[in-house]
Amino acid sequence: MSLTDPVADFLARIRNAIKARHQKVDVPASKLKMEIARILKEEGYVANFKATEEEGRKVIRVYLKYGTENQAAISNLQRVSRPGCRVYVSRNEIPRVLGGLGINILTTPRGVMTGKQARKEGVGGEVLCEIY
């Protein structure tokens, strides 16, 4: 099974797991998805993640985070740049998500980072997704 958009699949699996109130979700591993998971953890949207192996394939196990009244830490995940329609921004055009309440994740020449980090470092790149 080949996926045309593994990042969208990653986001969809997290979205579905949250709707189903799961504690954790497994996604096929890749360097890019590891970086996205790392940012989600740093920004406090997921409790934790770790790379493991299931039946010989590498997977990332993402531990989801819920608040006091079983409220998910992530209310929305959205893919911005898709294989059919890439979205690139220069350093001055990095959009703010919900007026700074959410984050966006960019791939830049200096690696994967949040929109805030990219703004600080003065680099643009491809907007992968928005999370809030």
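Each value in this text was obtained by applying a stated rule to the coordinates, not by laboratory testing. Please read all numbers here as calculations on a predicted model, not as lab measurements. Positions of Cβ are generated from backbone atoms using ideal geometry, with glycine treated the same way; all protein chains shown enter the neighbour counts.
Derived scalar couplings between HN and Hα for the stretch 18-25 equal 5, 4, 8, 6, 6, 7, 9, 9 Hz in order, rounded to whole Hz, by the Karplus curve 6.51 cos²θ - 1.76 cosθ + 1.60 (θ = phi - 60°), x for Gly and Pro. Of GLU121, GLU42, GLU55, the residue with the greatest mean-square motion in the GNM of the chain, using alpha carbon springs below 10 Å, is GLU55. In the frame of its principal axes, the chain has Cα extents of 42, 37, 24 Å, reported largest first.
Each label was represented as a point 7 Å from its Cα along the Cα-to-Cβ direction; for GLN78 and GLU55 these points are 3.6 nm apart.
Residues whose amide H falls under 5 Å from that of ARG91, counting only those 5 or more places apart or on a different chain, are GLY124, with hydrogens built in the peptide plane.
In the chain, helices alone account for a calculated mean residue ellipticity at 222 nm of -7500 deg cm²/dmol, with every DSSP H run of four or more residues adding -39,500 (n - 2.57). Projected onto planes of every orientation and averaged, the convex hull of the alpha-carbon atoms in the stretch 77-131 covers 3.5 nm².
Determine the shape class of the stretch 1-65: with a ≥ b ≥ c the square roots of the Cα gyration tensor eigenvalues, call it rounded for a/c under 1.5, and otherwise prolate if a/b is greater than b/c, oblate otherwise. Note, shape of the stretch 1-65 comes out rounded.
With 0.36 nm allotted per residue and the present C-alpha distance subtracted, the THR68-ARG15 stretch has 17.2 nm of extension available. For a straight C-alpha distance cut-off of 30 angstrom, the lysines reachable from LYS120 (same-chain residues fewer than eight places away being disregarded) are LYS31, LYS33, LYS41, LYS50, LYS65.
Ranked by the mean number of other Cβ atoms within 10 Å of their residues, highest first, the peptides 58-71, 25-38 come out as 25-38, 58-71. Taken one residue at a time, the phi angles of the stretch 88-99 give Karplus couplings (6.51, -1.76, 1.60, θ = phi - 60°) of 10, 10, 7, 4, 8, 10, 5, x, 8, 9, 6, x Hz. Gly and Pro are set to x.
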